[in-house]
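Read the structure below first, then the notes.
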Amino acid sequence: SITDDAELLHMVEKCGQLNKTKIAEGGRKLRKCWASSWLVLAGNSLMFYKDPKVSAAWPPSGSRPESSVDLRGARIEWARDLSSKRNVFHFRTVTGNEYLLQSDNEAVSQDWYQAIKGVIHRLDQE
Ligand code: I3S
């Protein structure tokens, strides 16, 4: 609803496009499948939307995230060994869902890494 979108928009810390692949579900390994994704970091959640292919089209009114992960207790680290791509970081939820996130632009990757890490640390302190 419009109210939900407005509430979410109020909490948004960062949004933008990254390449993403899920590599585990509940601790069970998955085959990599890299795809472009639109990420929204808001509140305690990191939400993945289908890449709208046009920038700054947010909130995508009426559309729901393809998936959303709870950042509480999550872990994040740079992952130089898990991909041949550059600027890749690894992200793991408490439930054992694992993702690799990447941008060819080093600054973009760095910014996302710091932003997600910041939220995780804030939640660790609560
Ligand atoms: O870790 P891997 O197995 O080298 O990952 C590559 C594969 O998933 C590959 O797909 P196939 O499973 O169809 O071969 C992907 O196309 C590659 O992108 C994966 O490697 P990178 O280094 O790009 O994460």
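The values are calculated or read from the model by the stated rules, or taken from the named source; none is laboratory data. As the structure is a prediction and not an experimental result, all values here were calculated from the model. Neighbour counts are summed over all protein chains in view; Cβ atoms, including those assigned to glycine, are modelled from backbone coordinates with ideal geometry.
Condition check for TYR113 on (1) under 20 Å from CYS15 (Cβ atoms); (2) at pLDDT below 95: one failure, at (2).
Using the structure shown, decide if VAL94 is among the β-branched types (Val, Ile, Thr), out of contact with any His (no Cβ under 9 Å at 6 or more places or on another chain) and modelled with pLDDT under 95. Give the steps one after another, and end with the answer.
Values: among the β-branched types (Val, Ile, Thr): yes; out of contact with any His (no Cβ under 9 Å at 6 or more places or on another chain): yes; modelled with pLDDT under 95: no.
No.
The single condition among (1) loosely packed, with under 15 Cβ neighbours inside 10 Å; (2) away from the ligand (no atom under 13 Å from the Cβ); (3) modelled with pLDDT under 95 that PRO65 does not satisfy is (1). For segment 84-99, the set of residues classified as within 16 Å of the ligand (Cβ to nearest atom), more than 16 Å from SER36 (Cα to Cα) and part of a loop (DSSP other than H, G, I, E, B) consists of SER84 only. Scanning segment 75-93 for residues that are under 13 Å from ALA24 (Cβ atoms) and in contact with a Lys or Arg (Cβ under 7 Å, 6 or more places away or on another chain) yields a total of 2.
Test LEU101 against the stated conditions and say whether it is under 14 Å from the mean Cα position of the chain (by Cα) and either modelled with pLDDT of 95 or more or within 18 Å of ALA24 (Cα to Cα) (or both). Criteria met by LEU101. Restricting attention to segment 1-51, the residues that are at pLDDT below 90 and either in contact with a Ser or Thr (Cβ under 8 Å, 6 or more places away or on another chain) or within 14 Å of the ligand (Cβ to nearest atom) (or both) total 5. Contact annotation: no residue pair with Cβ atoms under 7 Å, 6 or more positions apart or on different chains, pairs a residue in segment 80-93 that is touching a residue at least 40 places away in the same chain (Cβ under 8 Å) and more than 15 Å from ASN19 (Cα to Cα) with a partner that is in a loop (DSSP other than H, G, I, E, B) and within 11 Å of the ligand (Cβ to nearest atom).
Here segment 68-83 is the region considered, the condition is being in a strand (DSSP E or B) and surrounded by fewer than 17 Cβ atoms within 10 Å (Cβ to Cβ), and the residue that is modelled with the lowest pLDDT is SER68.
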